[in-house]
Amino acid sequence: MEKPQQSECRKTLVLTGASRGIGHAAVRRFSAEGWRVFTLSRQPFDDNCPWPEGAANHIQVDLGDADSLGMAVADIRKRLDEEGGVLNALVNNAGISPKLEGGKRPNSIDTPLQVWRQVFQVNFFAPILLARALFDELKAAQGAVVNVTSIAGGRVHPFAGSAYATSKAALASLTREMAADFGPHGIRVNAIAPGEIDTAILSPGTQDLIEDIPLGRLGNPMEVADTIFYLCSNAASYVSGAEVHVNGGQHV
């Protein structure tokens, strides 16, 4: 039996880390454009979220747990199969950045190996595992993958710990590798590297970094979401293997 064809005007996104900040803004951006958004988060769906079909399209998952991730993938693939088996975009936004008491950054000398493993499982391994598991669905749609890295992946950051920073640097490198490997199958892979974005989880002292930002202000989560949307859209049909800095020039 042939699979049902996906409606041309109804694209589908899988987004991790959707419960707050950049992820929350991305859901709003894609939903406003009529996309169906499968949200993946450690948190249950919040009834206060303003997008349609939110509860029905939410999947609670612990990306740091292999069994939980496996069950989530099976659920996603089942849902996609019901609508034609295509996935237009995967956005790997989820990330964890452990802090020490008082918000201090864990350095490369003292961070326990267990913490390194946990951070890399969520920030690095989960993105490639999801992309590989959903490869056929992405290929069917000639879709796009966007990995969310960080300005901390390219410099020592005053708040981001060593495990977080190196996991994001590794994710940036992985993005290039994926672009080379997935590209021949029609799948574009890019990354965005946010800088200091004004969210509810800002570290104390972030305001002090504004003087090092050429644009002289913090970023807005929707500005990051707009960049993610662009990379997933037809407007970026010849963009692959890029890491777009969304930081007001802070990286220069």
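The values are calculated or read from the model by the stated rules, or taken from the named source; none is laboratory data. Note that the structure is predicted; figures quoted are calculated from it, not measured. Positions of Cβ are generated from backbone atoms using ideal geometry, with glycine treated the same way; all protein chains shown enter the neighbour counts.
Numbers at a glance
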read-out	value
Which numbered condition PHE135 fails, given (1) surrounded by fewer than 16 Cβ atoms within 10 Å (Cβ to Cβ); (2) under 25 Å from ARG42 (Cβ atoms)	(1)
Among the candidates ALA163, ALA200, ALA152, residue that is of a type in the set (A, V, I, L, M), modelled with pLDDT of 85 or more and either surrounded by 16 or more Cβ atoms within 10 Å (Cβ to Cβ) or farther than 26 Å from MET71 by Cα (or both)	ALA163
Odd one out for ILE22 among (1) in a loop (DSSP other than H, G, I, E, B); (2) at pLDDT below 95; (3) hydrophobic (A, V, I, L, M, F, W, C); (4) within 25 Å of ASN123 (Cβ to Cβ)	(1)
Filter result for the condition that a residue is within 27 Å of THR206 (Cα to Cα), in contact with a strand residue (DSSP E or B) (Cβ under 8 Å, 6 or more places away or on another chain) and at pLDDT below 95, over GLY54, GLY95	GLY95
Among (1) in contact (Cβ under 8 Å) with a residue 24 or more places away in the chain; (2) of a type in the set (Lys, Arg); (3) within 30 Å of LYS11 (Cβ to Cβ); (4) out of contact with any Phe, Trp or Tyr (no Cβ under 8 Å at 6 or more places or on another chain), the one test that ARG132 misses	(1)
Single residue of ASP65, ASP75 found to be surrounded by fewer than 18 Cβ atoms within 10 Å (Cβ to Cβ), of a type in the set (Asp, Glu) and within 18 Å of the chain's Cα centre (by Cα)	ASP65
Candidate set: the stretch 224-238, residues that are among the polar types (S, T, N, Q) and more than 14 Å from the chain's Cα centre (by Cα); chosen: the one nearest to ILE197 (Cα to Cα)	SER233
Residue in the stretch 95-117 that is under 20 Å from VAL189 (Cα atoms) and touching a helix residue (DSSP H, G or I) at 6+ places or on another chain (Cβ under 8 Å) present	yes
Some residue of the stretch 112-126 being loosely packed, with under 15 Cβ neighbours inside 10 Å and either touching a residue at least 60 places away in the same chain (Cβ under 8 Å) or under 20 Å from VAL91 (Cα atoms) (or both)	no
The lone exception for SER31 - which of (1) under 21 Å from ASN220 (Cβ atoms); (2) surrounded by 23 or more Cβ atoms within 10 Å (Cβ to Cβ); (3) among the hydroxyl-bearing types (Ser, Thr, Tyr) it fails	(2)
VAL224 vs. criteria among the aliphatic types (A, V, I, L, M) and in contact with a helix residue (DSSP H, G or I) (Cβ under 8 Å, 6 or more places away or on another chain)	yes
ALA236 closer than 18 Å to PHE30 by Cβ, surrounded by fewer than 21 Cβ atoms within 10 Å (Cβ to Cβ) and touching a residue at least 40 places away in the same chain (Cβ under 8 Å)	yes
Conditions (1) within 16 Å of the chain's Cα centre (by Cα); (2) assigned to a helix (DSSP H, G or I); (3) in contact (Cβ under 8 Å) with a residue 24 or more places away in the chain; number of the one not met by GLY241	(2)
Where a residue in the stretch 78-100 is within 25 Å of ILE197 (Cβ to Cβ) and its partner, wherever it lies, is buried (at least 22 other Cβ atoms within 10 Å of the Cβ) and basic (Lys, Arg), with Cβ under 9 Å and at least six apart	GLY95/LYS168
Filter result for the condition that a residue is more than 25 Å from SER237 (Cα to Cα) and of a type in the set (Gly, Ala, Ser), over GLY84, GLY34, GLY21	GLY21
